[in-house]
Amino acid sequence: MREQFERIFGATPTGVWAAPGRVNLIGEHTDYNDGFVLPIALPQAVKVAARARPDGRLRLYSAQGDDVVTDLSVAALAPGAVTTWAGYPAGVVWALREAGYPIGGADLYFDSDVPSGAGLSSSAALECAAAAVYRDLYELPFTAAESAVLAQRGENLFVGVPCGVMDQMASACCTEGAALFLDTRDLAQRQVPFSLDEQGLLLLVIDTRVKHDLGDGAYAALRAGCERAAELLGLAALRDLPAAALSGAVAQLPAELGPLVRHVVTENVRVGQAVELLEQGEYAALGPILTAGHASLRDDFKVSCAETDLAVEAAVAAGALGARMTGGGFGGSVIALVPKDAAGQVEQAVTGAFQAAGHAAPNVFTTTAAAGARRLA
Ligand code: GLA
């Protein structure tokens with residue numbers, strides 16, 4: 001990376017940083033309802049070589065981009081001004097400046113192996129990598145969780161995507177061998193041991209290659225629906241609706257809002273159950289919770305699609321203990337909890353089902369819980 005940096009920017013980088021993508025085990029579309037989530041960081045990450053610049057210029061280059069250097073003035077950054085991938089890291093720098101941090105310019109060379117548009121948080125990884133760079137280059141005093149909130153603020157206000165805080169928290173705060181149990185209301189977090197290997201299990205990621213895009217309005221509409229339901233129920237957020245009050249609440253809401261509420265409330269319950277099982281070492285029992293989560297996303301929240309449903313169905317039929325889509329939905333990836341000795345047959349079954357249905361071949365890989373954002377060198 002150092003050589004590539006030197007080739008593009010004609011100077012030596014100060015260091016190299018990394019921030020990972022993520023899969024969420026359970027707790028989908030709960031974060032913007034002040035609820036609970038349980039992501040792990042992926043071994044796939046955005047790496048970035050960087051150095052500070054005294055002239056206030058922010059220069060961004062991606063090995064996955066179209067071979068152009070995006071050259072911006074830090075002082076002139078304004079929401080909506082950058083419409084390419086570079087908006088994600090630039091949004092973080094904008095958020096840092098808005099927060100009053102004394103920052104200057106930088107050169108950043110990005111190289112990512114997080115599949116983009118696959119529901120694996122490649123954009124949050126770009127943001128958290130930029131935040132880690134700025135923290136070190138300008139000796140800023142914020143914590144990993146604070147960097148996640150700044151990154152989310154950049155994505156919400158600079159890029160204009162109304163995402164919750166899960167992806168940024170996962171990329172900034174996950175630790176190796178653990179899932180991050182996060183209360184998105186107060187950002188209280190607990191690292192829950194997640195080492196499937198000892199249990200003879202593994203986690204498959206099935207990227208359906210159906211491109212997922214949060215910017216297309218569907219995500220914002222779901223978020224608005226949840227907020228409207230909370231308002232009608234007189235609650236600060238749907239997280240505040242107890243499961244025991246669910247059916248009464250659904251009965252009193254307009255027909256299109258009831259299922260959204262049912263998903264969020266039951267999903268928060270599933271996160272609690274999953275954490276308890278993991279802490280007791282009962283990993284296999286996580287399977288049915290994943291599959292129930294998928295049914296809720298498919299039937300109540302309606303964010304699955306033919307390919308994600310097929311991947312879940314084929315994986316479970318071939319011996320997966322459970323499976324569900326992960327991330328925002330409308331395509332993207334599915335995770336499947338699989339006994340090691342069934343992994344080959346599950347992968348074959350999913351690939352075969354996709355072929356038979358005329359879908360493009362999915363990208364299937366095994367994952368483990370990796371570390372969050374960090375300086376590498
Ligand atoms: C996207 C958003 C997250 C979260 C998920 C759904 O990944 O960025 O904040 O809302 O969708 O759980």
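The values are calculated or read from the model by the stated rules, or taken from the named source; none is laboratory data. All values derive from a computational prediction rather than experimental measurement. Counting neighbours? That spans all protein chains shown, and the Cβs are built from the backbone with ideal geometry, glycine included. The protein model used for the area step is the full one, side chains on, heavy atoms only, and it has no ligands, DNA or RNA in it. Shrake-Rupley method; radii C 1.70, N 1.55, O 1.52, S 1.80 Å.
Where nothing but the Cβ of Lys and Arg (+1) and of Asp and Glu (-1) is charged, how large is the charge dipole of the chain around its Cα centre, in debye to the nearest 20?
480
Ignoring any ligand, DNA or RNA, what whole percent of the accessible area of the chain comes from carbon and sulfur when the probe is 1.4 angstrom?
Ligands and nucleic acids excluded, carbon and sulfur reach 51 percent.
Please identify, among S116, S247, S304, the residue showing maximal mean-square fluctuation in a Gaussian network model of the chain using a 10 angstrom Cα cutoff.
Greatest mean-square fluctuation among the candidates belongs to S247.
Provide E256, E282, E155 ordered by accessible surface of protein heavy atoms (probe 1.4 Å), highest first.
Largest to smallest exposure gives the sequence E256, E282, E155.
In square angstrom, rounded to the nearest 10, how much accessible surface does W85 have for a 1.4 Å probe?
Only protein atoms counted, so the area is about 60 Å².
With a probe of 1.4 Å, find how much accessible area the chain has per residue, and write the answer as a whole number in Å².
So the chain comes to 38 Å² accessible per residue, rounded to a whole number.
For the range 1-59 and the range 180-218, what is the separation of their C-alpha centers, rounded to whole Å?
17
Order the following by accessible area, largest value first: K340, K302. Probe radius 1.4 Å; ligands, DNA and RNA are ignored.
K302, K340
Using a 1.4 Å probe and counting only protein heavy atoms, arrange D207, D67 so the residue with the most accessible area comes first. Before the final figure, lay out each step's value.
Numbers: D207 10, D67 105 Å².
Order by accessible area, largest first: D67, D207.
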